[in-house]
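Asker: My questions all concern the structure below.
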Amino acid sequence: MMHAAPSDTPLRVLAWPAFANKRGNPYTACLYEPMAELGVQVDEFRFDRLLRGGYDIIHVHWPDGLFVRPGAAAAWAGGLGLTTLLWQARRRGARLVWTVHNLGSHETHHPRLERWCWQAFSAQVDGFFSLSAAGIPAIEARFPRLARRPRWVVPHGSYRTTYPPPPPPPRPGNASGCPLQTPSCCTSASSARTRTCRT
């Protein structure tokens, strides 16, 4: 059963990421902004916040961002720091949920370390989100312990209202820039001569 905050206190969520990547990928911002409007407190993930605790939910999207790094020391620090602090947070009552966007990393630097981090992270997940029902068998095959965890299907939202509308299409014309089937006079900037465009 998922842990819930008392009704007279707002639900506190520590999200990795929350809003920091809005410009590059607005997915998480589109998710958390409406939640904040409903009174949920959503904070950007930081190790010091995870250490201090006080959160009901820790929601992770791309955990490998903390341990898939070129430098071995940084990868070890990210992996051990993440798994250790998550263990402590869960002992204090927080619940870890994961939206599974990928079954693995797009790139790898330290395969043995990264395999260990994936398994150590997934072993602590209390519940997971899949973007489609068809993806659940693949998730459970890749991370067998998740087969015993609650799961929810939440399809990917639309970015339609996130970006400005596209510009209107150009008016049809020929290579000279004159509208098709409209005889007219065009002035060439390079020669400053007037010429007739016939279509």
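The values are calculated or read from the model by the stated rules, or taken from the named source; none is laboratory data. Bear in mind the structure is a predicted one, so any value in this text is a computation, not a measurement. Cβ sites come from the backbone with ideal geometry, for glycine too, and all protein chains shown count toward neighbours.
Asker: What about residue 28, is it farther than 22 Å from residue 147 by Cα and β-branched (Val, Ile, Thr)?
Answerer: yes
Asker: Name the residues in the range 122-154 that are assigned to a helix (DSSP H, G or I) and in contact with a Gly (Cβ under 8 Å, 6 or more places away or on another chain), would you?
Answerer: Within the range 122-154, the first condition is being assigned to a helix (DSSP H, G or I), and the residues that meet it are 122, 133-142, 144-148.
Residue satisfying the conditions is 142 alone.
Asker: Further question on the same structure: Condition first: within 22 Å of residue 28 (Cβ to Cβ) and either of a type in the set (Asp, Glu) or in contact with a Cys (Cβ under 7 Å, 6 or more places away or on another chain) (or both). Now tell me which residues in the range 120-149 satisfy that.
Answerer: Correct list: 126 only.
Asker: Taking the range 91-105 as the search range and keeping residues that are under 22 Å from residue 27 (Cα atoms) and of a type outside the set (Val, Ile, Thr), which one is farthest from the chain's Cα centre (by Cα)? Working first, answer last.
Answerer: Let us first name the residues in the range 91-105 that are under 22 Å from residue 27 (Cα atoms), namely 95-105.
Now restrict to residues that are of a type outside the set (Val, Ile, Thr): 95-96, 98, 101-105.
Numbers: 95: 19, 96: 16, 98: 11, 101: 8, 102: 11, 103: 14, 104: 14, 105: 14 Å.
Of everything passing the filter in the range 91-105, 95 is farthest from the chain's Cα centre (by Cα).
Asker: Can you name every residue in the range 90-140 that is surrounded by 12 or more Cβ atoms within 10 Å (Cβ to Cβ), farther than 20 Å from residue 75 by Cβ and among the polar types (S, T, N, Q)?
Answerer: Of everything in the range 90-140, those that are surrounded by 12 or more Cβ atoms within 10 Å (Cβ to Cβ), farther than 20 Å from residue 75 by Cβ and among the polar types (S, T, N, Q) turn out to be 99, 130.
Asker: Looking only at the range 162-172, filter to residues that are under 23 Å from the mean Cα position of the chain (by Cα) and loosely packed, with under 10 Cβ neighbours inside 10 Å; which one of those is nearest to residue 124 (Cα to Cα)?
Answerer: 163
Asker: Continuing with the same structure: Are any residues in the range 64-80 in contact with a helix residue (DSSP H, G or I) (Cβ under 6 Å, 6 or more places away or on another chain) and either of a type in the set (Gly, Ala, Ser) or surrounded by fewer than 15 Cβ atoms within 10 Å (Cβ to Cβ) (or both), and if so, which ones?
Answerer: 75, 78, 79
Asker: What number goes with the only condition from (1) surrounded by 14 or more Cβ atoms within 10 Å (Cβ to Cβ); (2) out of contact with any strand residue (DSSP E or B) (no Cβ under 8 Å at 6 or more places or on another chain); (3) modelled with pLDDT of 95 or more that residue 26 does not pass?
Answerer: Unmet for residue 26, out of (1) surrounded by 14 or more Cβ atoms within 10 Å (Cβ to Cβ); (2) out of contact with any strand residue (DSSP E or B) (no Cβ under 8 Å at 6 or more places or on another chain); (3) modelled with pLDDT of 95 or more: (3).
Asker: Look at residue 99 and say whether it is within 19 Å of residue 145 (Cα to Cα), of a type in the set (Val, Ile, Thr) and touching a Phe, Trp or Tyr at 6+ places or on another chain (Cβ under 7 Å).
Answerer: Taking the combined requirement at face value, the residue satisfies it.
Asker: Oh, and also: Take the range 46-63 and flag every residue that is of a type in the set (Phe, Trp, Tyr) and buried (at least 20 other Cβ atoms within 10 Å of the Cβ).
Answerer: Applying the first criterion (of a type in the set (Phe, Trp, Tyr)) to the range 46-63 yields 47, 55, 62.
55, the sole residue that qualifies.
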